[in-house]
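Participant: Structure incoming, see below.
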Amino acid sequence: MCGIIGYVGDREIVPILVEGLRKLEYRGYDSAGICVLDSGVLKAVKKEGKISELEKEESLRWISGKAGIAHTRWATHGKPDEINAHPHFDCENKIAIVHNGIIENYQALKKILIKEGHTIKSETDSEIIAHLIEKFYEGDLEEAVTKALELIEGAYGLAVLSSKEEKIIAAKKGSPLVIGIGDDEMFVASDVSPILGYTNKIIYLSDGEIAIIAKDRYLIKNLDGKKIDKEVHEIEGSIKEIEKGNFKHFMIKEIFEQPDVIESTIRGRIKGNRIKLNLDIDPKKIKRIILIACGTSWHSALIGKYIIEKYAGIPCEVDYASEFRYRNPLINEDDLVIAISQSGETADTIAALKEAKGKGAKALGIVNVVGSTISREVDSGIYLHAGPETGVASTKAFTSQVIALLMFSLFIRQEKGEEVDKVIFEEMGKLPGKIRKVLESSKKIREIAIMFKDKNNFLYFGRGINFPVALEGALKLKEISYIHAEGYPAAEMKHGPIALIDKNMPVVFLATKSPLSSKTLSNMEEVYARGGKIISIANEPTPEIQKFSEEMITVPETIEELSPIINVISLQLLAYHIADLKGLDVDKPRNLAKSVTVE
Ligand code: M6R
């Protein structure tokens, strides 16, 4: 996720662009830049860091003009610095672009462009677009953009400015873009928040559409050049509401983003039945994998252990980063340590990573925030591409970590020359649709939340790969609702927790199909016999599950390795609805911080 704003009109342009970026900062904030067409010259200012850093630039005061574009970045390709910040330019500084999304075939296009004499300055995929437009430009910007887009594979929200034409060309595929229609002025942006102070007349571009916007007119076409009549929406509402979309909290917004996030984590990394990851490792030399993480990321690591041992065939250990760093672990040079972290800034995980590296281990990162400390400390890694996670309770980072760990395991298997079952790829493709199905249960889960919100304790039971899901469900509930909750492997119940079960104890069972289903059913029966109130997560209402369950949440069936992703979403929703019904501050629970940068 990044933010785009563009303006064509007579107002003072720099404040509009900078203020617009501020409103889009929630979409990404590691670097920013603006470009204005000033007396026939494209003048740009770019800065690493937050928008406030850009605002301090003295040179901004000397820029004026009637058309400009700006961007706040959440890095995906290349570190967050001034060179990689948008806008990007062609060789002659005659074409400027700002881009959201990922160009999947940029390496191939880059090679061709370099051969043709283009000089590429940044590490980004986005810069390629400016050079492609340059290649095709013969006096008509719209035509050149259209030809460039024909060559691009991937996702884009794009705004293009040329030194020769006082207009902006915008295009959309897979990344949101809206047009704002004012009186003798036009806007383009990645959402309505920077536009609404000026006009409430909005057009939502659809995939495959190009908009040509000048001060007093706009035109929308498809890629074949056919004009399209678009509905103009009149918007009402505050900016804060808009950042959250129609959602009450960031947490629920982020839960609902998960179908798109999973697509984004996978995008460009699977071609046919092959995994493409740029990892600086030789799989044949790895004798042991150690996963280090904290909190929710530690839960995804526990799932990772199952998947890595199954597909990569390498022994795998999981450690709390806070324990690993102080227990003087035995590390060899053929160990691979993987640090898993949403923020990339968790102090314990950073310290554990340094400890492992200091003892000679090879280090990888599975991280969301590009350019974060962990991403800089590791030899290579996998970015989650989940977009900024604002709610303190981690949701979309967890599911994208699990899919990243699966891709990592399959990659190792493939590089070792072993076959990967194509069913896994098929199921990964179906995952966003199946997650949407779970999200459709949100209303029903709220009804369940109404019934159980006043309980003081909850138990969560799961087996095998869904045991860590039980831990994660319990963590979600306790951190945002302040209800005491514990997760257990279901078979451990008889070694102690069973003593807690009576008619006042809600017990959440992960009972989706697995090789251990019959054993899970026996555990359910034991709880049922003691009066415990079972909420089951299951694929279908079999007579036994129905008999034992007070309430049931049905979720689509998938392969076992992907079931944690499907199952956890209903637990995220349960925790969210309980906390919301209790009137708590869901996004900022007491005593917690989003990023735990202290020991
Ligand atoms: O940024 P990280 O993934 O390293 O953060 C680790 C934990 O602090 C984090 O997952 C925490 O447990 C969340 N609040 C859980 O929702």
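Rule-based calculations on the coordinates, nothing more; no lab input. All values reported here derive from a predicted model rather than from experimental measurement. Positions of Cβ are backbone-derived with ideal geometry, glycine not excepted, and every protein chain shown enters the neighbour counts.
Participant: From the residues S514, I501, Y460, which one has its Cα farthest along the dipole of the stretch 436-586 in the positive direction, the dipole being from +1 and -1 charges on Cβ of Lys/Arg and Asp/Glu about the Cα centre?
Facilitator: Value computed over the given set: I501.
Participant: Write down the percent of antiparallel bridges among all DSSP beta bridges whose residues are both part of the chain, to the nearest 5.
Facilitator: Taking every DSSP beta bridge with both residues in the chain, the antiparallel ones total about 60 percent.
Participant: Helix 106-115 versus the longest principal axis of the chain: what angle, 0 to 90°, nearest 10, using Cα atoms?
Facilitator: Once rounded, one gets 30 degrees.
Participant: In addition: For the cross-link pairs K79/K582; K46/K66; K79/K173, which exceed 30 Å when the distance is taken from alpha carbon to alpha carbon?
Facilitator: K79/K582
Participant: Taking loop as defined by DSSP and a crowding limit of 10 other beta carbons within 10 Å, which chymotrypsin sites (Phe, Trp or Tyr not before Pro) in the stretch 353-422 fit?
Facilitator: none
Participant: Follow-up. What is the stretch 215-362 by shape, rounded, prolate or oblate, if you read a ≥ b ≥ c off the alpha carbon gyration tensor as root eigenvalues and call it rounded for a/c under 1.5, prolate for a/b larger than b/c, and oblate otherwise?
Facilitator: The shape class here is prolate.
Participant: I've got another one for you. Could you tell me how many degrees, from 0 to 90 and to the nearest 10, lie between the Cα long axis of helix 141-151 and the main elongation axis, the longest principal axis, of the Cα atoms of the chain?
Facilitator: Roughly 40 degrees, rounded to the nearest 10.
Participant: Further question: Give me the extension gain from N93 to I112: residue separation times 0.36 nm, minus the current Cα-Cα distance, reported in nm with one decimal.
Facilitator: 4.9 nm
Participant: If you build the convex hull over the alpha carbons only and average its shadow over all orientations, what do you get for the stretch 436-586? Give it in nm² to one decimal.
Facilitator: Convex hull of Cα atoms, orientation-averaged projection: 7.8 nm².
Participant: Then there's this: Quick one: if you stick a label point 7 Å off each Cα along the C-beta vector at K56 and I498, how many nm between them?
Facilitator: 6.4 nm
Participant: Using the basic label-point model (7 angstrom from Cα toward the beta carbon), what is the K443 to L584 distance in nanometres?
Facilitator: 2.6 nm
Participant: Cα axis of helix 517-529 to longest principal axis of the chain: angle in degrees, 0 to 90, nearest 10?
Facilitator: Helix 517-529 sits at roughly 60 degrees to that axis.
Participant: Tell me, in nm to one decimal, what length is gained between K359 and E309 on full extension, where the rule is 0.36 nm per residue of separation less the Cα-Cα distance?
Facilitator: Stretched fully, the K359-E309 segment lengthens by 15.7 nm.
Participant: From the Cα gyration tensor of the stretch 314-405, with a ≥ b ≥ c the square roots of its eigenvalues, which class applies: rounded if a/c is under 1.5, or else prolate if a/b is larger than b/c, or else oblate?
Facilitator: In terms of gyration-tensor shape, prolate.
Participant: Shifting gears a bit: Could you work out the local net charge near F458, counting Lys and Arg as +1, Asp and Glu as -1, over the other residues with Cβ closer than 15 Å to its Cβ?
Facilitator: 0
Participant: Moving on. Which net charge results when you count Lys and Arg as +1 and Asp and Glu as -1 among the other residues whose beta-carbon is under 12 Å from that of E19?
Facilitator: 0
Participant: Something else now. Just check the chain against the gyration tensor rule for me: Cα atoms, a ≥ b ≥ c as the square roots of the eigenvalues, rounded for a/c under 1.5, and otherwise prolate or oblate depending on whether a/b exceeds b/c.
Facilitator: Judged from the Cα gyration tensor, the chain comes out prolate (a/c at least 1.5, a/b above b/c).
Participant: Quick one: of K110/K310; K271/K476; K43/K594; K453/K494, which pairs are farther than 29 Å apart, Cα to Cα?
Facilitator: Distance filter (> 29 Å) returns K110/K310; K271/K476; K43/K594.
Participant: So, one more: Which value in deg cm²/dmol, rounded to the nearest 500, describes the helix-derived mean residue ellipticity at 222 nm for the chain, given -39,500 (n - 2.57) per DSSP H run of n ≥ 4 and division by the residue count?
Facilitator: The per-residue figure over the chain is -10500 deg cm²/dmol.
Participant: What is the extension gain from K430 to K285, computed as 0.36 nm multiplied by their sequence separation minus the C-alpha to C-alpha distance, in nm to one decimal?
Facilitator: Taking 0.36 nm per residue and subtracting the Cα distance, the gain is 48.8 nm.
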